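Notes follow the structure.
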Amino acid sequence: MHIAWKVLLPIALVLVVVVGGLVLWPATAGGFFWDRWVAWPLTGLLFAFLLYVMVRALQWNRRRARELAA
């Protein structure tokens, strides 16, 4: 539950705002001019960041559980 409330929910809210902004951004006839060169690397960076945050949250949660058990 800690990871869901403290990590995943804020990330989800930020992504909702980002997607809402992208929906409002007008596209050209062939799509966005930056789709090919920016969108895929940005998507990869976003997934890497999300994976990093989730791993760090799990590590913190395990460390906290050990401290509380001691």
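Once you order the gyration tensor axes a ≥ b ≥ c over the Cα atoms, which shape class does the chain get: rounded for a/c under 1.5, otherwise prolate or oblate by comparing a/b with b/c? The shape class here is oblate.
Accessible surface for the chain, divided over its residues, is 88 Å² per residue with a 1.4 Å probe.
Across the range 49-56, rounded Karplus estimates of 3J(HN,Hα) from the backbone phi angles (6.51 cos²θ - 1.76 cosθ + 1.60, θ = phi - 60°) give 5, 4, 5, 4, 5, 5, 5, 5 Hz, Gly and Pro being marked x. The protection proxy used here, the mean number of other Cβ atoms lying within 10 Å of each residue, ranks peptides 7-13, 41-47, 63-69 as follows, highest first: 7-13, 41-47, 63-69. Accessible surface of the chain, 1.4 Å probe: 74 percent of it comes from carbon and sulfur atoms. The 3J(HN,Hα) values that the Karplus relation (6.51, -1.76, 1.60; θ = phi - 60°) gives for the range 10-19 are, in residue order, x, 4, 5, 5, 5, 5, 4, 5, 5, 5 Hz. Gly and Pro appear as x.
Label separation (Leu46 vs Met1): 3.0 nm, computed from points 7 Å beyond Cα along the C-beta direction. Across the options Trp37, Ala4, Ala69, the greatest Cα extent toward the positive end of the charge dipole of the chain (unit charges at beta carbon of Lys, Arg, Asp, Glu) belongs to Ala69.
The values are calculated or read from the model by the stated rules, or taken from the named source; none is laboratory data. Note that the structure is a prediction, hence the values are computed from the model and not measured. Cβ atoms come from the backbone with ideal geometry, glycine included; neighbour counts cover every protein chain shown. Surface areas here come from the heavy atoms of the whole protein model, side chains and all, with no ligands, DNA or RNA. Shrake-Rupley method; radii C 1.70, N 1.55, O 1.52, S 1.80 Å.
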